[in-house]
2 protein chains.
Amino acid sequence: MISVVLLGTGNLGSHLIKAFHKSKKVKLLQVYSRTQFALDQINKKIPTTTDPSCLVNADIYVLAISDTGIKSLANKLILKNKLVVHTSGTIGLDFLINHKRKGVFYPLQTFSKTDSLKFKKIPICIEADLEEDRLILLKLAKSISKKVYEIDSEQRKKLHLAAVFVNNFANHLYRLGENICVENKVDFKLLYPLIRQTATKIKTISPLEAQTGPARRGDSKTIENQRTQLAGTELDLYTLFTKSILQTYEQEL
Amino acid sequence: MISVVLLGTGNLGSHLIKAFHKSKKVKLLQVYSRTQFALDQINKKIPTTTDPSCLVNADIYVLAISDTGIKSLANKLILKNKLVVHTSGTIGLDFLINHKRKGVFYPLQTFSKTDSLKFKKIPICIEADLEEDRLILLKLAKSISKKVYEIDSEQRKKLHLAAVFVNNFANHLYRLGENICVENKVDFKLLYPLIRQTATKIKTISPLEAQTGPARRGDSKTIENQRTQLAGTELDLYTLFTKSILQTYEQEL
């Protein structure tokens, strides 16, 4: 049984609270948040605090807070020889510099408070300075997920960058698609099966092979026609994507 | 029972052959392809031809071929008072100008020959000039799909444009994400659950609300850091997406 203190009740924090609380291999001893209001929203059975100097003894302290807040909160924690980890994809171990035993516990997923997510299938990327801490992190990660990976800071940074492309930017494309539908009184729902299939397809064929569309075919007539229907940033994105796809496949065309 | 002649054995054509052949409400009378080789790949029970002047009598002739080939093939068909439809998202009814009875049968999905797809869930957008043809198309579409929409040429054009964003461009983002992983020796599979969740999320919250990431938060430190890790078209895309997302949410930041 690993005992945990969780700091943060945001999008990720609220999901981790549920996952740790549910796991039989974890004892969630305490949850910290800056505000009492946030703590009032969580399971009443879990002890809470708004004072970072009042944390109870635990095997591991998990900081599930935004990148910008990690350094300052980590500096406030008066913990002797305790393992402190953050959950960020972008920052290194050095943000926890005042803690001798430090690590990273990075679940690679997009979290909204309202989502229902199964942690078992979410990849968790771990990293630790010390061997004993690596083993604790491994155990903690495996207690809630079947997909645990040991990834160093440099790789994690790149993984997060790739995630920005496939998640944040893809979602923005959905937004632009929705805009086009709304402006032309077409139900955006018509695109759901296509969006789903595009995202599913890559499991069986690589995105390089899966590519279709006017740019992939070098269909300059359709490309020109579609460009005339766009303006502003949408046109700029259309042009840049077309260029990038044409470049990728130019030898085949 | 609607009798159908299908022209084309490409990505869409091969899926339509299966769907029509399977449907109890459709009699697939004949399949046309330019090459015998293509016809050799399909179900042996279905009559075939490579001669567009040798088509049998049917209620409807479905041209499942590329946009660039539609006009010329349609002109070759010697059919008197027969309903001829194409399956393109981008072109209008005028491409079938030599046929009095014409329409569109546009399944909104991305098709690869190797995919296993359930046609029942694929939206089919139909359009016809004449009321009696509209009813035939409606019946044909409903015989293989539960999601049938009547969409005019202008709306279909916009829908196809939106599809280019959410399918073709999103897939290219997956490709760029895969590139980043491969270059840094990280398994691209780690991103599958994230890609899936991003695509699924929009069914419950709109992409406008679902947006997360550095640009959404106005996190200029992470943005600058990630920009330094990129070059060329990838950097251009990162910059343009960041600008577009910042613009979308600027009033909130």
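The values are calculated or read from the model by the stated rules, or taken from the named source; none is laboratory data. Just so it is clear, the structure is predicted and the values come from calculations on it, not from any experiment. In this analysis, Cβ positions are derived from the backbone assuming ideal geometry, glycine residues included, and neighbour counts consider all displayed protein chains. Just the protein is used for accessible areas: all its heavy atoms, side chains included, with ligands, DNA and RNA removed. Shrake-Rupley method; radii C 1.70, N 1.55, O 1.52, S 1.80 Å.
Is it the case, given these coordinates, that A:D236 is more than 22 Å from B:S66 (Cα to Cα) and among the acidic types (D, E)? Can you show your working first?
Details: more than 22 Å from B:S66 (Cα to Cα): yes; among the acidic types (D, E): yes.
Against the criterion (more than 22 Å from B:S66 (Cα to Cα) and among the acidic types (D, E)), A:D236 qualifies.
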Item to complete: Within segment A:36-51, count every residue that is modelled with pLDDT of 95 or more and either in contact with a strand residue (DSSP E or B) (Cβ under 7 Å, 6 or more places away or on another chain) or β-branched (V, I, T) (or both).
Response: 6
Worksheet item: Applying the selection to segment B:172-200, what residues are more than 7 Å from chain A (Cβ to nearest Cβ) and in a helix (DSSP H, G or I)?
Response: B:N179, B:V182, B:E183, B:F188, B:K189, B:T200
Worksheet item: How many residues are closer than 13 Å to A:E234 by Cα and over 27 Å from the mean Cα position of the chain (by Cα) if we restrict to segment B:237-253?
Response: 4
Response to the item:
Within segment B:123-138, residues more than 7 Å from chain A (Cβ to nearest Cβ) and either under 30 Å from A:G218 (Cβ atoms) or not acidic (D, E) (or both) come out as B:I124, B:C125, B:I126, B:E127, B:A128, B:L130, B:R134, B:L135, B:I136, B:L137, B:L138
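Restricting segment B:112-130 to residues that are basic (K, R) and loosely packed, with under 14 Cβ neighbours inside 10 Å, which is farthest from A:L194 (Cα to Cα)? Walk me through how you get there before you give the answer.
Let us first name the residues in segment B:112-130 that are basic (K, R), namely B:113, B:118, B:120-121.
Next, only the ones that are loosely packed, with under 14 Cβ neighbours inside 10 Å stay: B:113, B:118, B:120.
Values: B:K113: 16, B:K118: 12, B:K120: 13 Å.
Within segment B:112-130, the match that is farthest from A:L194 (Cα to Cα) is B:K113.
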Worksheet entry | Close pairs from segment B:132-148: first assigned to a helix (DSSP H, G or I), partner acidic (D, E) and modelled with pLDDT of 95 or more, Cβ under 7 Å, at least 6 apart | B:I136/B:D59
Worksheet entry | Close pairs (8 angstrom Cβ cut-off, 6 or more residues apart or separate chains): at the interface with chain B (Cβ under 8 Å from one of its Cβ atoms) in segment A:216-233, surrounded by 13 or more Cβ atoms within 10 Å (Cβ to Cβ) and small (G, A, S) anywhere | A:R217/B:S66; A:T233/B:S244
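Name the residues in segment A:234-252 that are farther than 29 Å from B:L117 by Cα, of a type in the set (S, T, N, Q) and more than 7 Å from every other protein chain (Cβ to nearest Cβ), would you? Explain how you work it out, then say what you get.
Pass one, segment A:234-252, residues farther than 29 Å from B:L117 by Cα: A:234-237, A:239-240, A:243, A:247, A:250-251.
Then drop every residue that is not of a type in the set (S, T, N, Q), which leaves A:239, A:247, A:251.
Answer for segment A:234-252, where residues must be farther than 29 Å from B:L117 by Cα, of a type in the set (S, T, N, Q) and more than 7 Å from every other protein chain (Cβ to nearest Cβ): A:T239, A:Q251.
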Worksheet item: Taking segment A:57-79 on its own, how many of its residues are touching a strand residue (DSSP E or B) at 6+ places or on another chain (Cβ under 9 Å) and surrounded by 12 or more Cβ atoms within 10 Å (Cβ to Cβ)?
Response: 15
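Being among the polar types (S, T, N, Q), under 26 Å from A:Y149 (Cβ atoms), open to solvent by 20 Å² or more (accessible area, probe 1.4 Å) and touching a residue at least 60 places away in the same chain (Cβ under 8 Å): is that true of A:T90 here? Reasoning before the result, please.
Values: among the polar types (S, T, N, Q): yes; under 26 Å from A:Y149 (Cβ atoms): yes; open to solvent by 20 Å² or more (accessible area, probe 1.4 Å): yes; touching a residue at least 60 places away in the same chain (Cβ under 8 Å): yes.
Answer is yes for this residue.
Per-residue answers, yes or no, for (1) modelled with pLDDT under 95; (2) open to solvent by less than 60 Å² (accessible area, probe 1.4 Å):
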site: A:E183; (1), (2): no, no
site: A:R196; (1), (2): no, no
site: A:P207; (1), (2): no, yes
site: A:K221; (1), (2): yes, no
site: A:Q226; (1), (2): no, yes
site: A:Q229; (1), (2): no, yes
site: A:Y238; (1), (2): no, yes
site: A:I245; (1), (2): no, yes
site: A:E250; (1), (2): yes, no
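With closer than 30 Å to A:I91 by Cα, open to solvent by 10 Å² or more (accessible area, probe 1.4 Å) and of a type outside the set (D, E, K, R) as the only criterion, which of B:Y192, B:Y174 stands out? So that I can check it myself, show each step before the final result.
Details: B:Y174 fails: open to solvent by 10 Å² or more (accessible area, probe 1.4 Å).
Every option except B:Y192 fails the conditions.
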Worksheet item: Cβ-Cβ below 8 Å, separation at least six or inter-chain, first residue in segment A:68-81 and within 14 Å of chain B (Cβ to nearest Cβ), second open to solvent by less than 100 Å² (accessible area, probe 1.4 Å) and not in a helix (DSSP H, G or I): which pairs?
Response: A:T68/B:D219; A:I70/A:L63; A:I70/A:H86; A:I70/A:S88; A:I70/A:I91
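Residues being in a loop (DSSP other than H, G, I, E, B) and out of contact with any Ser or Thr (no Cβ under 6 Å at 6 or more places or on another chain): count how many of those fall in segment A:79-120.
Of all residues in segment A:79-120, those in a loop (DSSP other than H, G, I, E, B) come to A:79-82, A:87-92, A:97-101, A:108-118.
Next cut, out of contact with any Ser or Thr (no Cβ under 6 Å at 6 or more places or on another chain) only: A:79-82, A:87-89, A:91, A:97-101, A:108-109, A:111-112, A:114-118.
Qualifying residue count, segment A:79-120: 22.
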Worksheet item: Quick one: would you say A:L108 is open to solvent by less than 20 Å² (accessible area, probe 1.4 Å), more than 8 Å from every other protein chain (Cβ to nearest Cβ), within 23 Å of B:E224 (Cβ to Cβ) and without any contact (Cβ under 8 Å) to a residue 60 or more places away in the chain?
Response: no
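Residue-by-condition table, conditions (1) at the interface with chain B (Cβ under 7 Å from one of its Cβ atoms); (2) farther than 17 Å from B:I205 by Cα; (3) surrounded by 24 or more Cβ atoms within 10 Å (Cβ to Cβ):
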site	(1), (2), (3)
A:L140	no, yes, yes
A:Y149	yes, yes, no
A:S153	no, yes, no
A:V164	yes, yes, yes
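Limited to segment B:13-43, what total is found for residues that are in a strand (DSSP E or B) and hydroxyl-bearing (S, T, Y)?
Let us first name the residues in segment B:13-43 that are in a strand (DSSP E or B), namely B:26-32.
If we keep only those that are hydroxyl-bearing (S, T, Y) as well, we get B:32.
Looking only at that region, the number is 1.
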